[in-house]
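Structure record follows, encoded as structure tokens.
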Amino acid sequence: AGVSGPDDSESGSPGAGVSGSDGSETGSPGPGRERILLLWKSGRIAFFCGVFYACTDEFHQHFVKGRSAQLSDVLLDSGGVLLGVLLAAGCLYLLWTLQKFRTRRGALREEGK
């Protein structure tokens, strides 16, 4: 399911579809559903790549003399990856929300002139 444009909305009337540049409804607060879904998908990919790297690193350490592979290291690395992904997602969400607020505020100033 994609984002409906101004002429192909379900209601059939032009301009009744999604009109925000970020895929959100014009009056809705926040960054929009499509950006949230993209953030969710990107976060999952980043998390699983980080966990995979932690697993392969511990596997490699198993073969290095003087080093050992431990599950606790994988869990600690995975926790760090999760924290990083959550912080990045939170920052992006805040930036998108501020951007939308500034855009809306600028539009209101233009209407007031």
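For this structure, a couple of remarks:
To keep it simple, each residue is scored yes or no on (1) modelled with pLDDT under 75; (2) part of a loop (DSSP other than H, G, I, E, B); (3) over 16 Å from the mean Cα position of the chain (by Cα).
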position: G2; (1), (2), (3): yes, yes, yes
position: P6; (1), (2), (3): yes, yes, yes
position: S9; (1), (2), (3): yes, yes, yes
position: S13; (1), (2), (3): yes, yes, yes
position: V64; (1), (2), (3): no, yes, yes
position: E111; (1), (2), (3): no, no, yes
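- On inspection, A54 passes the criterion of being in contact with a Ser or Thr (Cβ under 9 Å, 6 or more places away or on another chain), at pLDDT 90 or above and part of a helix (DSSP H, G or I).
- Odd one out for T97, checked against (1) open to solvent by less than 100 Å² (accessible area, probe 1.4 Å); (2) in contact with a helix residue (DSSP H, G or I) (Cβ under 6 Å, 6 or more places away or on another chain): (2)
- Candidates W40, W96 - the one that is in a helix (DSSP H, G or I), touching a Pro at 6+ places or on another chain (Cβ under 6 Å) and modelled with pLDDT under 95: W96
- Annotation note: Cβ proximity below 6 Å between a residue of segment 35-62 that is closer than 20 Å to C91 by Cβ and a residue that is open to solvent by less than 100 Å² (accessible area, probe 1.4 Å) and among the acidic types (D, E) (sequence gap 6+ or interchain) occurs for R35/D22.
The values are calculated or read from the model by the stated rules, or taken from the named source; none is laboratory data. Since this is a predicted model, take the numbers as computed values, not measurements. Positions of Cβ are generated from backbone atoms using ideal geometry, with glycine treated the same way; all protein chains shown enter the neighbour counts. Each accessible area value is taken on the protein alone, full model and side chains, heavy atoms only, with ligands, DNA and RNA left out. Shrake-Rupley method; radii C 1.70, N 1.55, O 1.52, S 1.80 Å.
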